[in-house]
């Protein structure tokens, strides 16, 4: 029995010594790897032109501002490289087509506070301000208590007369007559 205890004690001592040596070797290897990496990895990464360009791109200011009286031509928005030709949106022929293509996006479901097309109650306060005010809001945009109307519904490429026809069409949906001598197509 004494012999077994002595063998067990010797085994534990040798085993602990081996484990201790392995841990010491692992720590030395880890430290050596860190020292070598500090002298090679950082230098290679920071000198890589691709890395530098991506860092510059990610840290560039988010927005650029045009300054009055300065050359702001560099702020022109350009299509990304490889982008195909831009597609021009179809120009509606009359107020009804304008409503179907543009206005219905917000005035159909009542998005961002837009009065729903055909809802007399929702349009009552706007109608009370008068048709010329509605034209101005549609043409130049408007921010009210309940929502925002972008200029020309976001289609700034459309003529003013067509926008006015669109306003007249929406007003006809709530039973507001057209100005004398005008009609829908």
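The values are calculated or read from the model by the stated rules, or taken from the named source; none is laboratory data. Values in this document were obtained by computation on a predicted structure and should not be read as measured data. Please note: Cβ atoms are built from the backbone with ideal geometry, for glycine as well, and neighbour counts cover all protein chains shown.
Worth pointing out:
- Enumeration of residues in the stretch 124-145 that are farther than 22 Å from residue 158 by Cβ and in contact (Cβ under 8 Å) with a residue 40 or more places away in the chain: 127
- Any chance residue 4 is at pLDDT 80 or above, over 30 Å from residue 75 (Cβ atoms) and exposed (fewer than 10 other Cβ atoms within 10 Å of the Cβ): yes
- For first residues located in the stretch 146-168 and crowded, with 22+ Cβ neighbours inside 10 Å, partners that are assigned to a strand (DSSP E or B) and lie 6+ apart or on another chain with Cβ distances below 8 Å form the pairs 149/142; 149/143.
- Candidates 154, 166, filtered to the one that is closer than 19 Å to residue 94 by Cα, modelled with pLDDT of 90 or more and in the same structural domain as residue 100 (by TED's automatic domain parsing): 166
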